[in-house]
């Protein structure tokens, strides 16, 4: 049941203001509480590894630029830029962990703002991955706008010039595995162009490549590149991480002190949560956020398994209890990978009585609060 406000209300032009103007007080309160939890960042061992590698990358920048300034351009002194490769399956938390580094490192103040002097530029790899499209995306991110697609032969000299103009020294390419899905000739062209940025003595660039595990194949056959490449691999959460994930849930829920949740944190529930997320840390965090939203929307103040079951059903589009990790008895036999990433079509006839009952109770509570 929708709680959209009715009446002759003049809709604001701004979309956010328009949405807010048509929300009930209850819906606004729920949204604010969920937003507070979503803003919580829980660091993991991966963050420690990233911090170490970022320190190494920044220190190599200092050494290289100072060598160049002093005219030490001999082969023994000039190493060129380094490459940091961050890999892991989708949903394990790579993007948010990198974003956290970009937003909190004092060396990267002004990240995302054109003309701020921030030395790092982040772009998403195009698909299909071609040098021309990548080059056009880079110059667009740096503030150059044109109605026409700039030719590949023209755009890369522009890229180099604009890197220097905007003092960019680090290029981050997210979803870089797209470069692994092209033919051999294109892949070689891409690798040679990026390698040229690393070895340019006039304006050396450092690379951060992130994406699926196949990103690690970048220039693996080129010893001049592989010897100055570091890698951080985001692995999946397993049953061995139950204590750590229990702490994660507690840290998240600190942002919503009005909701009780401790009774949920049994070993069995944590194992269900890890399995439901397919061992992907980022997805696990999202389940906690979604379950909290279901709890608050129902007017409850105690987080329970039903809220997580509803969040799972909503994400997968499958309402069957026997296929819901938070309800099924043999939950560990459920193939969650297919459910999470290839959601099946919902069969409304298969809606369980328990699911219908939960929805009916939640709707009744909401209606009672509005009356």
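Just so you know, all these numbers are worked out from the coordinates, no wet-lab data involved. Here the structure is a predicted model, which means the values were calculated and not measured. Backbone-built Cβ (ideal geometry, glycine too); neighbour counts: all protein chains shown.
Computed from the alpha carbon atoms alone, the convex hull of region 47-155 holds 162 Å³ per residue. Sorting the segments 115-125, 18-28 by their residues' average number of neighbouring beta-carbon atoms within 10 angstrom, most packed first, yields 115-125, 18-28. Distance between the pseudo-spin-label points of residue 116 and residue 99 (7 Å out from Cα toward the beta carbon): 1.4 nm.
In this calculation the C-beta distance from residue 165 to residue 258 is compared with R0 = 30 Å, giving a FRET efficiency of 0.05. Fewest neighbouring Cβ atoms within 10 Å first, the residues 274, 65, 173 line up as 65, 274, 173.
Give me 245, 253 sorted ascending by neighbouring Cβ count inside 10 Å, so fewest comes first. By the 10 Å Cβ count, ascending: 253, 245. Label-to-label distance for residue 183 and residue 330 is 4.9 nm, based on points extended 7 Å past Cα in the beta-carbon direction. Multiplying the residue separation of residue 337 and residue 51 by 0.36 nm and removing their Cα-Cα distance gives an extension gain of 99.9 nm. Suppose R0 equals 25 Å. What FRET efficiency, 1/(1 + (r/R0)^6) with r the Cβ-Cβ distance, do residue 20 and residue 289 give to the nearest 0.05? Result of the calculation: an efficiency of 0.80. Between residue 40 and residue 109, full extension at 0.36 nm per residue minus the direct alpha carbon distance yields a gain of 22.8 nm.
Our Cα-only numbers for region 273-333 put the radius of gyration and Dmax at 11.0, 33 Å.
Remark: spin-label model distance residue 203-residue 239 equals 5.5 nm, labels positioned 7 Å along the Cα→Cβ axis.
Length gained on full extension, residue 66 to residue 250, computed as 0.36 nm times the residue gap minus the Cα-Cα distance: 61.6 nm.
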